[in-house]
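S.K.: Questions regarding the structure given below will be posed in turn.
The values are calculated or read from the model by the stated rules, or taken from the named source; none is laboratory data. None of the values given here were measured: they were computed from a predicted structure. Using ideal geometry, Cβ is built from the backbone for each residue, glycine included, and neighbour counts are taken over all protein chains shown. Remember, those area values only see protein heavy atoms, side chains included, never the ligands or the DNA or RNA. Shrake-Rupley method; radii C 1.70, N 1.55, O 1.52, S 1.80 Å.
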Amino acid sequence: MNPLDDLYRRVIMDHYKNPRNRGTMDDESVTVNLNNPTCGDRISLQLQIEDGVVRNARFTGEGCSISMSSASMMTDAVKGKTTAEALELADRFSSLMKGEPARFDEYEDIEALSGVNKFPARIKCATLAWNALRKGVEHGQGKHEGIEE
């Protein structure tokens, strides 16, 4: 096994077993509930956005190691970022999932998901949380429900 693949696998499993930002917020926040019917992954993402900055991000849900570790990484990466910076991170993540070069110097753990693009059926798993982020930032306050096609 390639040492880099082994490292990436360990990073993904660490986020899956020890998720960052798992849980809910009591305050007013944007809530996005998405599910991926093809594999059963579900996520509820909460974003606290103040003055155009993601002050806090939390998630709950069920799913495979790819979807849950991606949610953990995403919530860590966007905290403290402007909404424009958060959307730019989501764009870079989309590029990564398409097999295009993308760097995440400020949060390298995300690069551990780069191998997912070799498994097209798993791309939706990895992008579920990021799609919830987009919906939350783009649609603002309130609660949003959806199914990923």
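A quick yes/no check of all residues on (1) aliphatic (A, V, I, L, M); (2) modelled with pLDDT of 95 or more; (3) not in a loop (DSSP other than H, G, I, E, B):
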residue	(1), (2), (3)
9	no, no, yes
19	no, yes, no
28	no, no, no
39	no, no, no
43	yes, yes, yes
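S.K.: Next question, about the same structure. Scan (1) closer than 24 Å to residue 25 by Cα; (2) aliphatic (A, V, I, L, M); (3) over 14 Å from the mean Cα position of the chain (by Cα); (4) outside any strand (DSSP E or B) for the single condition residue 49 breaks and write down its number.
M.R.: Result: residue 49 passes all but (4).
S.K.: Tell me which residues, restricted to segment 126-149, are modelled with pLDDT under 95 and of a type outside the set (Gly, Ala, Ser). Outline the logic, then answer.
M.R.: Within segment 126-149, the subset modelled with pLDDT under 95 is 135-149.
Residues satisfying the conditions are 135, 137, 138, 139, 141, 143, 144, 145, 147, 148, 149.
S.K.: Still on this model: Please find, among 61, 52, 40, the residue that is open to solvent by less than 80 Å² (accessible area, probe 1.4 Å) and touching a Lys or Arg at 6+ places or on another chain (Cβ under 8 Å). It would help to see each step written out before you state the result.
M.R.: Values: 52 fails: touching a Lys or Arg at 6+ places or on another chain (Cβ under 8 Å); 40 fails: touching a Lys or Arg at 6+ places or on another chain (Cβ under 8 Å).
Result of the check over 61, 52, 40: 61.
S.K.: Scan segment 77-129 for residues that are within 13 Å of the chain's Cα centre (by Cα), open to solvent by 60 Å² or more (accessible area, probe 1.4 Å) and closer than 20 Å to residue 61 by Cα and jot them down.
M.R.: Across segment 77-129, the qualifying residues are 79, 124.
S.K.: Quick check on segment 19-37: of everything there that is over 17 Å from residue 137 (Cα atoms) and touching an Asp or Glu at 6+ places or on another chain (Cβ under 9 Å), which residue is least open to solvent (accessible area, probe 1.4 Å)?
M.R.: My answer is 36.
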